[in-house]
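These notes are about the structure you will find just below.
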Amino acid sequence: METKAYMYVLDCADGALYTGYTTDVEKRLKTHNAGKGAKYTRARLPAKLLYQESYRDKPSAMSAEALFKKKSRQEKLNYIKKNRRTP
């Protein structure tokens, strides 16, 4: 059985966008905000979850993360706006 994985984007306190992958978005966000996540986010807390996408496995989420990171800031924001699901 394959594990679901996620590509996620955080909005950091300084306005920076941080992109990562995980199998548990809620737990990973708590880790970031506890100052134990990525070195990049430690100086930019608190971070808020801005966007997430689910994938069938970790390699797929990692590929999505790598592609997303190549986009400009405006392209990232446009992508999020276009693909965000509203309740």
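The values are calculated or read from the model by the stated rules, or taken from the named source; none is laboratory data. Just so it is clear, the structure is predicted and the values come from calculations on it, not from any experiment. Here Cβ is always computed from backbone atoms with ideal geometry, including for glycine, and neighbour counts include all displayed protein chains. Ligands, DNA and RNA are excluded from the accessible area calculation, which covers all protein heavy atoms including side chains. Shrake-Rupley method; radii C 1.70, N 1.55, O 1.52, S 1.80 Å.
Label separation (K82 vs K27): 3.3 nm, computed from points 7 Å beyond Cα along the C-beta direction. Overall dimensions of the chain, expressed as equivalent-ellipsoid semi-axes from the Cα gyration tensor (√(5λ), whole Å, largest first), are 19, 17, 12.
For the chain, what does the accessible surface come to per residue with a 1.4 Å probe? Please give it in Å².
It amounts to 69 Å² per residue over the chain.
Over the chain, how many pairs of lysines fall under 17 Å by alpha carbon, counting only those 8 or more apart in sequence or from different chains? Value for the chain: 18.
Restricting to DSSP H runs of at least four residues, report the calculated mean residue ellipticity at 222 nm for the chain, -39500 (n - 2.57) per run over all residues, nearest 500 deg cm²/dmol.
Values: 4 runs with 36 residues, N = 87.
For the chain, the value works out to -11500 deg cm²/dmol.
What net charge is computed for the residues neighbouring F68, neighbours being all others with C-beta under 15 Å from the C-beta of F68, Lys and Arg scored +1, Asp and Glu -1? Value of the local net charge: +4. Sequence-ordered 3J(HN,Hα) estimates for region 35-52 from the Karplus curve with 6.51, -1.76 and 1.60 and θ = phi - 60° stand at x, 10, x, 4, 4, 4, 7, 4, 8, 10, 8, x, 10, 10, 5, 9, 6, 8 Hz, glycine and proline given as x. Normalising the average separation of contacting C-alpha pairs (under 8 angstrom, six or more residues apart) by the number of residues puts the relative contact order of the chain at 36 percent. For the pair region 46-82 and region 20-39, the centres of their Cα atoms are 15 angstrom apart.
Distances between placed amide hydrogens fall under 5 Å for L50 paired with V9, L10, D11, all partners being 5 or more residues away or on another chain. Summarising the amide proton neighbourhood of D57: residues at separation of 5 or more, or on other chains, whose placed amide H is nearer than 5 Å comprise A5.
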